[in-house]
Every structure is written in structure tokens, then in C-alpha cells.
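Enquirer: Below: one structure in C-alpha cells.
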Amino acid sequence: SLILTSALSSVYLLPAISATNLSDREKGIKVSKILNEFPFMPENLLTFLNPFTLGKPSDGTYKYIKEPDKKGIFWENTAYFGLLPFIFAIGGIIYLNHKRNNKIATSLVILAVITTLLALGKSAPLHFVFSFPPLNYFRVPARFILFAQIFLIIISSFFVDKTLKKVKNKLSIALTSILYLILIADFFTKWWSYNPIGNIDEWSKKPEILLPIDPTIETGYQFFTIGSNEIWNEIFINYGWQKNLDNFKFFLNAVEPNTNVFFNVSHLGGYQILSTKRQNVQQLLIKENIQKKDNEILINDVSKKALNVFGVKYLISTKPINSSGFTEINRISKEKNSFYLYENDNPKEKFQLYYDYLLINHLSDYLNAFRDSDIQNVVFVENPLNLANNEEPGS
């Protein structure tokens, strides 16, 4: 079993190790960052009884929605797996405390306690373990609550099994059916109206902002979005989505990652947790050199160079871009929010012939190249090449 599970998990584990070595987590994450960002707090344990004890993000009432980095995220900090299974799990723990006749179940109780303490991070005495590998490669200790849930579900099943064996077979079947119905009713009443429900075609159709262009023709170029997070969060954090679906449909015009894949649009950005150091620098070059003012967006020369070199032909912004080199081709509005579509006048194609190169030894060389050099016609290399410059026409 161990050999089989190791072989299966290697499909994910080996690429994850490789990706980690290319990311900012190459040497692990600072323990202060692990413990202080997105914490699981003692009051979050109340969500074992009710997932909405601290409010709902769907209607904007979640207590900590405005401070996720300091107070934790609802989706990572909700421990609920059903009230009935939780009660049975407590019953199983009490049963094992008296009987102590099943070493496996007792071990699972111990593991449930340990993983709950790990999830609590800095609020529990086991927080020091996050200083050591492999735990110092993972952020958000709150996710250990998933393991605690699994162990408690098994203990719950163990207790139900022990209890039902003490009653007659027909009664056991009847009780099992009743328990299932109660469990299903519990989940449906809690979650049925929580997520937004809509028509697939309505949510995946081409956004209005893209109507002037055909993205399928522009396969050699990229899109980039500026400022959409601010207008999204203004609605999401304060009001949730239950009564605001029209706003969120309008926000699809941002063509942000990763919704862009529904519209066959290639986007320079990406929504992932483990990004490479190269990608982080690439995004930094662009975002740090864009100024968002009250009524306009300014893009300086460093950001322009980066957008050009990375093949960004179309920019979608929430305010007018007041910088040369970008032509407005569409604009749409809803209430006080707007999206603008701009065409970059000088983007490079995704595939390009180069006749010269620039040697990059350090991160500073890379950043300085964008500040000081004409990089339109050179390719960056990290190892010296013994190549003659031969500027002959080609395709």
C-alpha cells in the first residue's frame, strides 16, 4: 500500500518539488510569515458546530472578510463537516476514553488533536514545528484542519458502527436511513442558497469588452488587466454576491486569470500560489511601474518595455490610460464602474527572431536592462554564447 500510494503521489510530488526549487520558496518560508498570515484562531473552532458562526461571505457578514491576511479566510478556516458527525465524533472520543479497546481508533483521536493544534498555528504550543522542513515550505497552517476533519469523520463512523451493532438488524437499517436523511438535510439547509446558481451559457459567453476584436486571431499576443481587484473587492467584501450577481457578471469584462480561458484569451498573468521567481519579477516590472491615480492610469517607460517584450497587445483597465503608445478601442460602464480596452501600439509577437543577445548574470542585470537598455531586438540569456552577430533577413 505504501509503495502504491508513493508511486501515485509522485505524479504530483515530483513536479511540486521541481516547481518549489524555481520559486521564492526554494529555501522555505519565514516562520513569522507562516504563523502570522491567514491564521486559524481559537474562535474558528466554533465552526465545527455551524459554518456561519462568524457570518457569511455570501452576504458580506463574515466577521473577518476585510482582514483576511490578519484574521484568516473563511474557506480555509471553516471546520464544519456536519453537526451530526461532529456529535458522533465526540461520542466516539468519550467511548474510547472509557474502553480503550481499539488502538487504531485511539491513534486517530490523537492525530485529530495534533492536527487541530497544528491548524491553530501560533495560538497553540506546536507552532515551533513550522520552523523545520518540510512544514516550513507550506503557508497557512489552517489547512491542517482538513486532516482533523478526516480523522474525526472516521472516529464518528467508528462510534456509529459500535452503536448500531447493539441494536437489531431491522432497527439498525432504519436508524442508518434516518441518520443519512438528517445529514443530507443538514447540508442542504446550510449550503443550498450559499453559492450563486446561474445559466452556464450566460456566465461563459464572450464579454462585451472583447466585441471589437477576435481573440482567436490574436493568438500570438497577450492580454493584461489593471485595477480590477479594487472594484471587485468593493462589492465582494462589503456586500457578498447573493444580491449582486449582475455586478459579478459585469466584472467578467476584466478577463482576469483564470476566467480568461473560457473566452480563449491568453493572459500574461496567472492565479496560482506557487509562482516562479522569473514570473514574480516579470509581474513586478509591470505592476510597480504603473501609477493608479484618482481618474487615470499612468504607465511609465519600464512597464511599457515589459508589456512590449512580453507580447501584451491588449490592456483592460478600470480607468483611462493617459500614456502614449496605447489606443482606446472600447469602453463599457455599469453604474459607477467602467472597463476600458486599449491596444498597445508596439507589442512583440510571442515568437520572434533575434540577432543579438544580452547576458544576464544577476537579478539586478535583468532589472537594469529594462531601465537602461534598448531591449526590443535582443534576447536575454543566462549563459554566455559564442555566436556571431548575423543580421540577415529571415522569418
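Enquirer: Taking the chain as a Gaussian network, where each spring joins two C-alpha atoms under 10 Å apart, which residue of 162, 170, 277 fluctuates the most?
Expert: Among 162, 170, 277, the largest mean-square fluctuation in the Gaussian network model of the chain belongs to 170.
Enquirer: Which cross-chain or sequence-distant (5 or more) residues have an amide H under 5 Å from the amide H of residue 311, H modelled 1.01 Å from N in plane?
Expert: 348
Enquirer: Straight-line reach from residue 27: which aspartates and glutamates have Cα under 20 Å away, leaving out those fewer than 8 places along the same chain?
Expert: In chain and number order, the partners are 37.
Enquirer: Where in region 94-154 are there trypsin sites (Lys or Arg not before Pro) that are in a DSSP coil and have at most 14 other Cβ atoms within 10 angstrom of their Cβ?
Expert: 100
Enquirer: Which shape class, rounded, prolate or oblate, goes with region 71-134 when its Cα gyration tensor gives a ≥ b ≥ c as root eigenvalues, a/c under 1.5 marks rounded, and past that a/b bigger than b/c marks prolate?
Expert: oblate
Enquirer: When Lys and Arg each count +1 and Asp and Glu each count -1, what net charge do the other residues less than 14 Å away from residue 280, Cβ to Cβ, add up to?
Expert: Taking every Cβ under 14 Å from that of residue 280, the sum is +1.
Enquirer: Quick one: net charge of residue 362's neighbours, Cβ under 13 Å, K/R +1, D/E -1?
Expert: That sum, taken over residues with Cβ under 13 Å, equals -1.
Enquirer: Taking every pair of alpha-carbon atoms in the chain, give the share separated by more than 29 Å as a whole percent.
Expert: In whole percent, the share of Cα-Cα pairs in the chain beyond 29 Å is 61.
Enquirer: If you don't mind, another one. Using the structure shown, select from 70/287; 249/287; 71/350 the pairs with a Cα to Cα distance greater than 31 angstrom.
Expert: 71/350
Enquirer: Which percentage, to the nearest 5, of the DSSP beta bridges contained in the chain is antiparallel?
Expert: 60 percent
Enquirer: Mind putting a number on the dipole of region 1-127 about its Cα centre? Charges go on the C-beta only, +1 for Lys and Arg and -1 for Asp and Glu, and I need it in Debye to the nearest 20.
Expert: Roughly 340 debye, rounded to the nearest 20.
Enquirer: Turning to a different aspect of this structure: Hey, if we sort 385, 117 by accessible area with the 1.4 Å probe, largest down, what's the order?
Expert: I get 385, 117, largest accessible area first.
Enquirer: A follow-up question, please. Given a 10 angstrom Cα cut-off, can you work out which residue in 260, 337, 195 is the most mobile in a GNM of the chain?
Expert: Of the options given, 195 has the highest mean-square fluctuation.
Enquirer: Show me the helices of the chain, taken as full DSSP H stretches, that run 18 Å or more along their long axis by Cα and average 1.6 or above in Kyte-Doolittle hydropathy.
Expert: 103-119, 145-164
Enquirer: Among 81, 181, 386, whose Cα sits farthest toward the positive end of the charge dipole of the chain (+1 at Cβ of Lys/Arg, -1 at Cβ of Asp/Glu, about the Cα centre)?
Expert: It is 181.
Enquirer: Related question: Restrict the search to region 317-359; then list the chymotrypsin sites (Phe, Trp or Tyr not before Pro) that DSSP places in a loop and that have at most 15 other Cβ atoms within 10 Å of their Cβ.
Expert: Listed in order of number, the matching sites are 351, 354, 355.
Enquirer: Could you list which residues have their amide H under 5 Å from that of residue 62, counting only those 5 or more apart in sequence or on another chain, with H placed in the peptide plane?
Expert: Answer set, sorted by chain and number: 56.
Enquirer: Using +1 on the beta carbon of Lys and Arg, -1 on that of Asp and Glu, and nothing else charged, what's the dipole of region 217-307 about the Cα centre, debye to 20?
Expert: Result for region 217-307 is approximately 280 debye, rounded to the nearest 20.
Enquirer: Hey, another quick one. With the chain treated as a Gaussian network of Cα nodes joined by springs under 10 Å, which of 39, 133, 384 yields the largest mean-square fluctuation?
Expert: Its mean-square fluctuation being the largest, the pick is 384.
The values are calculated or read from the model by the stated rules, or taken from the named source; none is laboratory data. The shown structure was predicted, so the numbers you read here are calculated from the model rather than taken from an experiment. Methodologically, a virtual Cβ is constructed for each residue, glycine included, from the backbone with ideal geometry; neighbour enumeration extends over all protein chains shown. Accessible surface areas use protein heavy atoms only, side chains included; no ligands, DNA or RNA. Shrake-Rupley method; radii C 1.70, N 1.55, O 1.52, S 1.80 Å.
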